[in-house]
Amino acid sequence: MQIWLKSSSPIRFPVLPSEYKIQGSRGVETVNINALGEVDLGGMRGLRTVSFSSFFPKRYNSGYCEFRRIKNPMQYVKQIERIMSGGPTKIIITGTPINFACRITSFEWGEDDGTGDVSFSITLKEHRKIAISQSSVVAESGATGGDTSQTAADTASKDATKREDTREKPKTYTVKRGDCLSSIARKLTGSSDWHALYEQNKGIIGSNPNLIRDGTVLVIP
């Protein structure tokens, strides 16, 4: 087994740790269903974390060093600190499924026995690249170079119309944990008949009136 940090200046750890730990997680969302109460829905996989402890030896020792041409311990320390302050790197543990982009979230090191060896503990968290699409802004203008002053006047007129719109906005209610349609109807109208509330918001709730999510904004009929 070999442990590598692959970046512009790769690091192979000269002494294997006695153990390493991989931690994973998964997001779980809860919703309220009239007939069942609160239930959980499985979410997406969380980012994995890798952690281990070892040391950088001052001198080569065939009993524990993985290769002969080791660096000075402080060279390893400075190299890891440079990686930590930069962008993502990649953690590779050969012979295992661990091979993914990551960032160093913590790195502790120190000398404690007078040998010149530097002990360390390191934690790395998986990096997930996000693709962000760019939006474009299209400016309206006359196809043949029309009167720009008239265009500005039309825009100002539209803005004024928007400002003068005094129509009453529909009342809304934001769903809270423990809510169901009948309890919301009773709270707002005094009656537990939820059918009108459901018909008004069917496009938001969907085909199952028993399934409403926390944070959903309902329009009150």
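Quick note: the coordinates plus some simple rules give every number you see, no bench work behind them. Note that this is a predicted model, so its numbers are computed, not measured. Ideal geometry is used to build each Cβ from the backbone, glycine not excepted, and the neighbour counts take in all protein chains shown.
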**Complete:** Phi angles of region 52-66, converted by Karplus (6.51 cos²θ - 1.76 cosθ + 1.60, θ = phi - 60°) into ³J(HN,Hα) in whole Hz with x for Gly and Pro, give 7, 10, 7, 8, 9, x, 6, 10, 5, 9, 5, x, 9, 7, 7
**Message:** So, R0 is 41 Å and r is the distance between the beta-carbons of residue 186 and residue 96; what FRET efficiency does that work out to, to 0.05?
**Reply:** 0.15
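Just check region 169-221 against the gyration tensor rule for me: Cα atoms, a ≥ b ≥ c as the square roots of the eigenvalues, rounded for a/c under 1.5, and otherwise prolate or oblate depending on whether a/b exceeds b/c. Could the numbers behind the result be given before it?
On the way: a/c = 1.18, a/b = 1.10, b/c = 1.07.
Note, shape of region 169-221 comes out rounded.
Taking R0 as 41 Å, what's the FRET efficiency between residue 176 and residue 78 from their Cβ-Cβ distance, rounded to 0.05?
Numbers: r = 52 Å, r/R0 = 1.28.
For R0 = 41 Å, the calculated efficiency reads 0.20.
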**Request:** Sort the following peptides by mean Cβ neighbour count (other Cβ atoms within 10 Å, averaged over residues), highest first: 4-10, 182-188.
**Result:** 182-188, 4-10
**Prompt:** Amide H to amide H under 5 Å from residue 58: which residues, 5+ apart in sequence or cross-chain, H placed 1.01 Å off N in plane?
**Reply:** 117, 118
